Amino acid sequence: MRTWGIYTQWDSGSKKLPKIVQVTTRVPAEVDIEFGFVVSVKGAKNQELVYRIAHPGILDDAGNRRAPFTGTVHIKTNDWDFFLGDTIWSPIDDKLGEWCLTLEMGGTLIAEKSFDVFPPMDRDSPNVTQDDSLA
């Protein structure tokens, strides 16, 4: 895992990965904030990564809890960087809490990071600590 935290907006149609803005595992629940991690995969061309984004309880249009977001992606080169993440959208209430992002290859866990998405009003609380920012 190269970096994790808050990133610039990711364009899924672009080959460019988002840029790290702040290294942290605490994410304020603000619409369009992007968070996740970037991994570098070496020597695994044509293998498959399985990803899972377990969210705290996002609801569908009928008010039912959605299953974790899952999928697969194929490694395209022997020196490959990959961003796994998500963004916050309205309404934010069902996005609050722990998000756990994982990547597996060949049934083996290769990357895992949990993020705490919290109400933005808590950000300035004296009890809140954040990881160091990147300069």
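The numbers here are math on the coordinates, done by the rules we state, and not lab data. Keep in mind that what you see is a predicted model, and the values were worked out from it rather than measured. Backbone-built Cβ (ideal geometry, glycine too); neighbour counts: all protein chains shown.
Using the Cα coordinates of the chain, the gyration tensor eigenvalues translate into equivalent-ellipsoid semi-axes of 26, 19, 13 Å, sorted from longest to shortest.
Positive end of the dipole of the chain (Cβ unit charges, origin at the Cα centre): among Ile53, Gly36, Gly13, the Cα lying farthest that way belongs to Gly13.
Placing a label point 7 Å from the Cα of Cys100 along the Cα-to-Cβ direction, the residues of the range 18-40 whose backbone N falls under 18 Å of that point are 25-27, 36-37. In the range 1-125, a dipole from Cβ-located charges (positive for Lys and Arg, negative for Asp and Glu) runs towards its positive end, and of His74, Met121, Leu103 it is His74 whose Cα lies farthest in that direction.
Among Lys45, Lys15, Lys113, a tally of other beta-carbon atoms within 10 Å of each Cβ gives an order, fewest to most, of Lys15, Lys45, Lys113. Note on the chain: Lys pairs 8 or more places apart or on different chains, Cα atoms under 16 Å apart, count 4. Specify the residue with the greatest mean-square fluctuation among Gly107, Gly85, Gly97, computed from a Gaussian network of the chain linking alpha-carbon atoms under 10 Å apart. Top of the fluctuation ranking is Gly107.
Over the range 3-122, Cα pairs under 8 Å with separation of 6+ residues give a relative contact order of 30 percent. Only Lys, Arg, Asp and Glu carry charge here, each on its Cβ (+1 for the first two, -1 for the last two); on that basis the chain has a dipole of about 600 debye about its Cα centre.
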